[in-house]
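The values are calculated or read from the model by the stated rules, or taken from the named source; none is laboratory data. Because the structure is a prediction, the values reported are computed rather than measured. Cβ atoms come from the backbone with ideal geometry, glycine included; neighbour counts cover every protein chain shown.
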There are 4 protein chains.
Amino acid sequence: MRTNDEPGGQTFTERARRTQIVGCAIELVAEAGYPAASIGKIAERAGVAKSVVLYYFSTKEKLVHTLVMEIFLASVPVMVPAIAAEETASGKLRAYIRSNGEFIHTHRDHALAMLEIWTSYRSATGQRLDEEMAESTARQPPQGDLAALDPTTIFELGQRTGEFRAFPVHHMTTALRQAIDGAVLQSSRDAGFDVPGYCEELVTIFDLATKGEP
Amino acid sequence: MRTNDEPGGQTFTERARRTQIVGCAIELVAEAGYPAASIGKIAERAGVAKSVVLYYFSTKEKLVHTLVMEIFLASVPVMVPAIAAEETASGKLRAYIRSNGEFIHTHRDHALAMLEIWTSYRSATGQRLDEEMAESTARQPPQGDLAALDPTTIFELGQRTGEFRAFPVHHMTTALRQAIDGAVLQSSRDAGFDVPGYCEELVTIFDLATKGEP
Amino acid sequence: MRTNDEPGGQTFTERARRTQIVGCAIELVAEAGYPAASIGKIAERAGVAKSVVLYYFSTKEKLVHTLVMEIFLASVPVMVPAIAAEETASGKLRAYIRSNGEFIHTHRDHALAMLEIWTSYRSATGQRLDEEMAESTARQPPQGDLAALDPTTIFELGQRTGEFRAFPVHHMTTALRQAIDGAVLQSSRDAGFDVPGYCEELVTIFDLATKGEP
Amino acid sequence: MRTNDEPGGQTFTERARRTQIVGCAIELVAEAGYPAASIGKIAERAGVAKSVVLYYFSTKEKLVHTLVMEIFLASVPVMVPAIAAEETASGKLRAYIRSNGEFIHTHRDHALAMLEIWTSYRSATGQRLDEEMAESTARQPPQGDLAALDPTTIFELGQRTGEFRAFPVHHMTTALRQAIDGAVLQSSRDAGFDVPGYCEELVTIFDLATKGEP
DNA sequence: TATGAATGAGCGTTCATTCAT
DNA sequence: CATGAATGAACGCTCATTCAT
């Protein structure tokens, strides 16, 4: 009954365990794929009992949500400053692609796990991750960092300043996000895939694609 | 007596059942995702016993292979003639994107199922679909139609004729394939997604991206 | 509607098919063991449809009974004359062991299949082969050849003539039958096992064991 | 707090359950035969869910190995001291047969289960129990108790001391093992079979058979 | 805080058998 | 005479989850 309750209602031990489990889960999902990443195997990798995982994350669904958040938060310090340092929309776009590529390159497991979850995860009711998130964030739209990490913002800026041609922003966003995910996909097939090189090509592609003919 | 010696050694009943099961499987994979498309659920949807599915496709792996082949073959008459009708590389590229979009639009379930399998399927040994296919086609590389449906061919043609700038072909291929898959993804989230509109934008994007400044 | 009904109510074709299926079944049981010898695999080996097997032998149980009878009948021409040619009980015993060994040697599949069925087969109600047979032959005790192939007869003869010492006949029978089955067992583990050599040793063993001290 | 750190890292509950399951499995195999002893039926007999059996023995193969070990270990205290107490080879041989008979008599289910497994078990790859064991003990040959329980040792001793005549040891071993297994077989057919009486006859048989004429 | 124990639903697969043709 | 089609029960096994301690 020591007074070891930390702010946020979590003890030091609890935070450590959660971090450890999340780390192992990310590794396992990246290596074996989401469907093969059972709670039992995650626990085994973490060296704890299976029930411990469910003690901290009462449901597999909640564990996945935590994973996603963890991965997203890991990308913020890499991407947000890089984008913010640029002033022009095309500068921000280049920074977005390059810093995302850098994140994929330096955090391969994080990126692989995210893609696995993104493509394979379904809730008990059959919903995909984005559908679940869309529901929970319907009333509370993303702000701050989350907004900064949405290419939409950049494309809208560029169209406002006249740097970019008139294109449907959400379509360009889809194309860009998918193209970047391609880096993760190739990296998952071939650990030696040249992610920075691929992203440099993406910079060229979307530079040309957003500016259009003079 | 005619039903028993059809070409391919398959009776009328057999072909009908196989078609029906494949159809139900495609629907279910498209709706619920690959991991949720168990043999039992496929059978239930088809209104037959689980063992009937395994009577026609002795293994789930074989069922998946059949699905993939079926979907691929459905795309051929839509895409191949459209691409072949164009002479220039940029014409072929536009036709590739537009006809692929048309296929996604008119064969939504096929496209969704293929994407699901592409991203979620793993063989018993953990191999992905493309890794399995890469193994089986190692000695017998694709020819004819299959080659025509690989954007690589188009990009190489364009670089030879000088229509396209010098870019790493495999990177451009990855970006294009991913961008097109984006149409499927969006369509799975929102059945009313404007696939042709999106693809028209892709036409512009890759037109600009492949030509570039001199 | 040709008048091809043979005596016994079986057509030529029918007998041929039955022989063929029984032969394949014996081979398969010998090779893969009884539990692995499913009707489907037997049919496959015979090159007929699974239902054909059940058309001729309406039940797997009946097929097994036929197999056993077939194997037994195959042993008769090898063993019975050899035993009958001897006059003394110890002569008949030697002939029994040697001819049984010869049968095992020349009909390895038959012997292996019999042993597999003997040790592994259970009817739907859990009964073993001998228990089933004991039931069906309760009222109709074996005669003629069957009696000749039961070592009991030989042992009783030897005790009557004074050639053999006084031992409990059924115990000696059990020991002998088991010892001979050992040849099959060893042969199943090692195809090159020296069955005749082993049986020659059995001849010595049971010669000594039945005569006892002078 | 004491239950959790027993020797072997097993809790009291775990050992109890394992013992219970192994006991039920031995009973069931003895009664219904190995093929009929499914995990589900073993669980049913133990009054637990099917998954509980797999919780303690992650694979049926492992359960079988445990069964075999359990049965073997149960025979050691009965047979080894009895054999060790004799000095001559023929004394050891008599003790071997009699103590084995005693074990079969007092541990009928154990003996039946062992014989069932011995004759019917096949691993996933089709290997029999002895073939599996031969593989695993190839580098680490059995010593001490295991060697004492192999009749080969006794026969070799007797030939060295001149008590036994010159016979091929492995053939005599096969015959003896098979003859003793006959006791189990008869006992399984008839619960009232006189195992000690049969073994006493075996003592006579192999006494005569190993000594022979000069 | 942490865990061992237990469960039930579901998985892919095999199999003997039935039946209409 | 022969078969293709279909079935239901059972199999070994995995998994997320519950619960008492």
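Can you confirm whether the stretch C:98-116 contains a residue that is surrounded by 21 or more Cβ atoms within 10 Å (Cβ to Cβ) and within 16 Å of DNA strand E (Cβ to nearest atom)?
Scanning the stretch C:98-116 turns up at least one residue that is surrounded by 21 or more Cβ atoms within 10 Å (Cβ to Cβ) and within 16 Å of DNA strand E (Cβ to nearest atom).
Given the residues C:Ala25, C:Ala16, C:Ala32, which is the only one that is of a type in the set (A, V, I, L, M, F, W, C) and within 12 Å of DNA strand F (Cβ to nearest atom)?
The unique qualifying residue is C:Ala16.
Condition first: at pLDDT below 95 and acidic (Asp, Glu). Now tell me which residues in the stretch D:117-171 satisfy that.
Across the stretch D:117-171, the qualifying residues are D:Asp130, D:Glu131, D:Glu132, D:Glu135, D:Asp145, D:Asp150.
Out of all the residues in the stretch C:45-61, which are away from DNA strand F (no atom under 11 Å from the Cβ) and either surrounded by fewer than 15 Cβ atoms within 10 Å (Cβ to Cβ) or touching a residue at least 60 places away in the same chain (Cβ under 8 Å) (or both)?
Correct list: C:Thr59, C:Glu61.
Residues to consider are D:Leu73, D:Leu146, D:Leu157, D:Leu129; find the one that is surrounded by 18 or more Cβ atoms within 10 Å (Cβ to Cβ) and either in the same structural domain as D:Ala36 (by TED's automatic domain parsing) or away from DNA strand E (no atom under 16 Å from the Cβ) (or both).
D:Leu129
All but one of (1) out of contact with any Gly (no Cβ under 9 Å at 6 or more places or on another chain); (2) away from DNA strand F (no atom under 16 Å from the Cβ); (3) within 14 Å of chain D (Cβ to nearest Cβ) hold for C:Glu116; which doesn't?
(1)
Read through the list (1) away from every other protein chain (no Cβ under 14 Å); (2) away from DNA strand E (no atom under 14 Å from the Cβ); (3) buried (at least 16 other Cβ atoms within 10 Å of the Cβ), then give the number of the only condition that A:Pro81 fails.
Evaluating A:Pro81 over (1) away from every other protein chain (no Cβ under 14 Å); (2) away from DNA strand E (no atom under 14 Å from the Cβ); (3) buried (at least 16 other Cβ atoms within 10 Å of the Cβ) leaves (3) as the failure.
Could you tell me which numbered condition B:Glu87 fails, if it satisfies all but one of (1) in contact (Cβ under 8 Å) with a residue 12 or more places away in the chain; (2) more than 10 Å from DNA strand E (Cβ to nearest atom); (3) more than 14 Å from chain A (Cβ to nearest Cβ)?
Against the list (1) in contact (Cβ under 8 Å) with a residue 12 or more places away in the chain; (2) more than 10 Å from DNA strand E (Cβ to nearest atom); (3) more than 14 Å from chain A (Cβ to nearest Cβ), B:Glu87 comes up short only on (1).
Residues that are free of Cβ contacts under 8 Å to residues at least 60 places away in the same chain, small (Gly, Ala, Ser) and under 27 Å from B:Leu202 (Cα atoms): which helices (runs of 4 or more DSSP H) entirely in the stretch A:91-194 hold 2 or more of them?
A:169-189
Being of a type in the set (A, V, I, L, M, F, W, C), within 16 Å of DNA strand E (Cβ to nearest atom), away from chain A (no Cβ under 14 Å) and without any contact (Cβ under 8 Å) to a residue 40 or more places away in the chain is true for just one of B:Ile21, B:Ile42, B:Ile26. Which residue is that?
Only one candidate passes the filter, namely B:Ile42.
So how many residues does the stretch D:171-198 have that are closer than 27 Å to C:Phe193 by Cβ and more than 9 Å from chain C (Cβ to nearest Cβ)?
Of the residues in the stretch D:171-198, 2 are closer than 27 Å to C:Phe193 by Cβ and more than 9 Å from chain C (Cβ to nearest Cβ).
If I go through the stretch A:31-43 residue by residue, how many of them are part of a helix (DSSP H, G or I) and surrounded by 15 or more Cβ atoms within 10 Å (Cβ to Cβ)?
6
Looking at the structure I just gave you, is A:Ser75 more than 27 Å from B:Tyr121 (Cβ to Cβ), away from DNA strand F (no atom under 16 Å from the Cβ) and more than 14 Å from chain B (Cβ to nearest Cβ)?
yes
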